[in-house]
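Remarks on the structure that follows.
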Amino acid sequence: METTKALKEEGGKGGQMKEVLLDGSNGSSSSGDANTNGAPKHRHTPTASYGGDEKGIYEIFGWVYHIGVNSIGHEYCHLRFLFIKGKYVMMYKRDPHENPGIKPIRKGVIGPTLMVEELGRRKVNDGDLYVIQFYNRLDESKKGEIACPTAGEARKWMEAFDHAKQQAEYELSRGGSTRNKLNMEADIDLEGHRPRVRRYAHGLKKLIRIGKGPEMLLRQTSNLGGSSTSNRYFEGEFGDAIEAHEWKCVCTVNGIRIFEDVADSKRGKGALVKAVGLVDASADTAFEVILNLERRKRYEWDMLTADLELIDSYDGHYDVVYGTYDPKYLTRWQSKRDFVFTRQWFRGQDGAYTILQLPAVHKKRPSRSGYRRTPINPSTWEVRSLNSPMGSNTTKCLVTHMLEIHSSGWLRWKKNSSSKFEQTIPYALLSQVAGLKEYIGANPSLSFESSATVVQSKLSDGSTSSSEFEDLEVQDEFYDAIAGDSTSSSEDEESEDDTEKKKFKLKNVSWAISSLALKRASAPDVNKELDPTVPSVHVDASQFSGSLPKGRDETDSNCWTSPSGTGFMIRGKTYLKDNAKIMGSDSLLKLIAVDWFKVDTATDKIALHPRSLVQSDAGKKLPFILVINLEVPAKPNYSLVLYYAAERPVNKNSLLGRFVDGTDMFRDARFKLIPSIVEGYWMVKRAVGTKACLLGKAVTCKYFRQDNFLEIDVDIGSSSVARSVIGLVLGYVTSLVVDLAILIEAKEEAELPEYILGTVRLNRVKPESAVPLNA
């Protein structure tokens, strides 16, 4: 099997390389395939909006690895140039901009049923790549995978596919077909079809280049296939739920602030502390440095866990590492120490990274003669990018390292900084933030991993040209095209005539924190969302009961209650102008019952089951019921079913009405959940977070509309990240108090302010109390 490193010699100038072996169509690489290896030079617009007055075709292009298993069982990893234009996608063996006339080897349409999932890191020919899987949610046998050298590149490609789906959704809303055949014949001869080319160029709005070019991808991935070495402003709570932490800065060390959570005075000798530092790099870069196990690089910033060795890895988001350290740098004792710990990481929809580190035991690394096994304090890394000031091209991120300390030395040290605490493992862990900050600052070359910098824009005042494809025949969607046989069609080129070029800076949109001043509460307008012409019905929750009982007060266990929405932050009336959020208020819908079922496999359409209250006489009399079925993967599987009732039918013209009777694509883009761990182990709190999540973009959601109800089946097991987090939660669930808020995301001014559809509080639920659904 050829490797990327070996192919470097074949590629010619500019970092060109022959493709890596393994194409899905055969077991050997073609003799003429020369590919340019490089960091994706995408043209895409993460802040694109397809619903306003200004539309255009958005182009994304760059280098990725196409990976998979061919028909004879051989794994393949080919370097491919991926090109997305609007909702259409093409894959080339070479860069079509540098090889005019080349034909795409695969092509297709990104349709509304395309699902994109981040699978995390994977070893490919002894190198680490970040894998993205896409599949048809109606037929999961139709799937494919691409991979990128960094987590940042993977994130941008996921955004690119999401924007392509938005383009399809926009065209669908205008009555256009989302499964038109991709036929670029009209774009072959630019001179021969001048009017068509002008229309196409007229519709181009933004062409954005992400990445530094092919040579950078070559540098990053040249060790695939073999071991090689190279010689080379704000601090605050970023969540959408109000937390009880009260962080106090107790000291600063080497430019790093050290905080202690003083909200809980019952901790005794223990304390929850964190080190916070501002790093001159993107969140993607800092994340890569923290996760990198290369000893030579870790020696430059990590005084404790520099000698690390990978023992095992799972699911692309979880691994086990073994390390040793010489304690002479910390204490006078000379006996060597070793440790084993797990690392679990994931990226939120806001682009922030979380890494959980826990001490562990592994059969591959038993106790070692001459070494003393030392447990590493449980800790978390949190890395999030910050918005750059206007006119600034610099990128910054906030890095937080949090851990729990059980040491009397901490109390003395924070007062006078002269105790033995500085010779302990917790102090060494807190110091890692300072080391990371200085290491990145001393290595400007690391900034190439932050690739969202240079963009080129072509602007015009015309309308979109995607309608040019509307009269063409139906074509396979992209998940079919990439997994199927190679196809060929005309290559796409665009004309640059009659267009205005200018610099366009990619803006990183983030949630504003200024709203944490807690503005006045937002109450839902019942007459707007529910039909005001129909008399209201009194919803008596006592008529309904589920398998999980309702709690009498907050001290009850294995029960549910319905908290106020004041613990959640939602988009205010002026959110589109200033990103300001406000405190939530009472829910629009009333939580009437909760079922806690045990099932053999994930079960959809649970509202049709005879045990569901929707099928009861009282349930059939309700104007509208929203059923949320959270399918929890475990052994056995569980279904947590929430029933929300309305006192009147849904207003068809309201946002809720458009959601209830809308398309699945619209629902996926709007269905939002805000989690909050009110009580429980602090590491579970950090893992779950308090950030709002668009569930339809994170996991597979299925929608079932019938009679007086809408059921939403949320398949938590459809995402490896969600499975990993829910696995951690289930381990502590009997000691957790969890709050959830459900809402529809507002994206237009007329839809603001947001309101909360419903809430639920789950008090220390016992898995063994689940009732068999089919008993």
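Among the residues of the range 296-323, those identified as of a type in the set (Ser, Thr, Tyr) and open to solvent by 30 Å² or more (accessible area, probe 1.4 Å) are Tyr299, Ser313, Tyr314, Tyr318. You will find that of Phe346, Phe339, the residue that is open to solvent by 10 Å² or more (accessible area, probe 1.4 Å), touching a Phe, Trp or Tyr at 6+ places or on another chain (Cβ under 8 Å) and not β-branched (Val, Ile, Thr) is Phe346 and no other. Kindly evaluate Val594 against the criterion of being assigned to a strand (DSSP E or B) and either more than 24 Å from Asp531 (Cβ to Cβ) or at pLDDT 95 or above (or both). Here the answer is yes, as Val594 does meet what is asked.
Among all positions in the range 567-583, there is no residue which is closer than 17 Å to Leu656 by Cβ and in a loop (DSSP other than H, G, I, E, B).
Condition check ((1) open to solvent by less than 10 Å² (accessible area, probe 1.4 Å); (2) modelled with pLDDT under 95; (3) acidic (Asp, Glu)) across all residues:
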{"position": "Ala607", "(1), (2), (3)": "yes, no, no"}
{"position": "Pro623", "(1), (2), (3)": "no, no, no"}
{"position": "Ala634", "(1), (2), (3)": "no, yes, no"}
{"position": "Ser639", "(1), (2), (3)": "yes, no, no"}
{"position": "Ala645", "(1), (2), (3)": "yes, no, no"}
{"position": "Asn653", "(1), (2), (3)": "no, yes, no"}
{"position": "Gly657", "(1), (2), (3)": "yes, no, no"}
{"position": "Asp664", "(1), (2), (3)": "no, yes, yes"}
{"position": "Ile674", "(1), (2), (3)": "yes, no, no"}
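Against the criterion of being surrounded by 15 or more Cβ atoms within 10 Å (Cβ to Cβ) and under 29 Å from the mean Cα position of the chain (by Cα), Lys581 qualifies. Go through (1) under 20 Å from Pro149 (Cα atoms); (2) modelled with pLDDT of 90 or more one by one and return the number of the condition Tyr314 breaks. Just one mismatch for Tyr314, condition (2). Scan the range 553-576 for residues that are open to solvent by 70 Å² or more (accessible area, probe 1.4 Å), touching a Leu at 6+ places or on another chain (Cβ under 9 Å) and of a type in the set (D, E, K, R) and the total you get is 1. Number of residues in the range 537-552 that are in a loop (DSSP other than H, G, I, E, B) and open to solvent by 70 Å² or more (accessible area, probe 1.4 Å): the value is 3. If you go through the range 92-102 and pick out every residue that is surrounded by 19 or more Cβ atoms within 10 Å (Cβ to Cβ) and either in a loop (DSSP other than H, G, I, E, B) or at pLDDT below 90 (or both), you end up with 3.
Residue count for the range 130-145 satisfying the condition of being surrounded by fewer than 24 Cβ atoms within 10 Å (Cβ to Cβ) and at pLDDT 85 or above: 5.
Each row is one residue, and each column tells you yes or no for (1) open to solvent by 20 Å² or more (accessible area, probe 1.4 Å); (2) closer than 29 Å to Ser313 by Cα.
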{"site": "Phe671", "(1), (2)": "no, no"}
{"site": "Val678", "(1), (2)": "yes, no"}
{"site": "Cys693", "(1), (2)": "yes, yes"}
{"site": "Val765", "(1), (2)": "no, no"}
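Of everything listed in (1) closer than 21 Å to Asn254 by Cβ; (2) part of a loop (DSSP other than H, G, I, E, B), the single unmet condition for Leu293 is (1). All conditions but one from (1) surrounded by fewer than 20 Cβ atoms within 10 Å (Cβ to Cβ); (2) within 25 Å of Arg155 (Cα to Cα) apply to Gln706; the one that does not is (2). The residues on offer are Lys103, Lys93, Lys87, Lys107, and the sole one that is touching a helix residue (DSSP H, G or I) at 6+ places or on another chain (Cβ under 9 Å), charged (D, E, K, R) and over 23 Å from Val699 (Cα atoms) is Lys107. Filter the range 268-295 for residues that are closer than 24 Å to Trp410 by Cβ, of a type in the set (D, E, K, R) and open to solvent by 30 Å² or more (accessible area, probe 1.4 Å) and give the result. Hit for the range 268-295 is Lys269, nothing else.
Among Thr566, Thr555, which is more than 33 Å from the chain's Cα centre (by Cα) and of a type in the set (S, T, N, Q)? None of the others qualify; the one that does is Thr555.
Being of a type in the set (Ser, Thr, Tyr) and at pLDDT below 90 holds for only one residue in Thr354, Thr380, Thr395, Thr342, and it is Thr395.
The values are calculated or read from the model by the stated rules, or taken from the named source; none is laboratory data. Everything quoted here is computed from the prediction, not taken from an experiment. As a convention, Cβ positions derive from the backbone with ideal geometry for all residues, glycine included, and neighbour counts pool all protein chains shown. Each accessible area value is taken on the protein alone, full model and side chains, heavy atoms only, with ligands, DNA and RNA left out. Shrake-Rupley method; radii C 1.70, N 1.55, O 1.52, S 1.80 Å.
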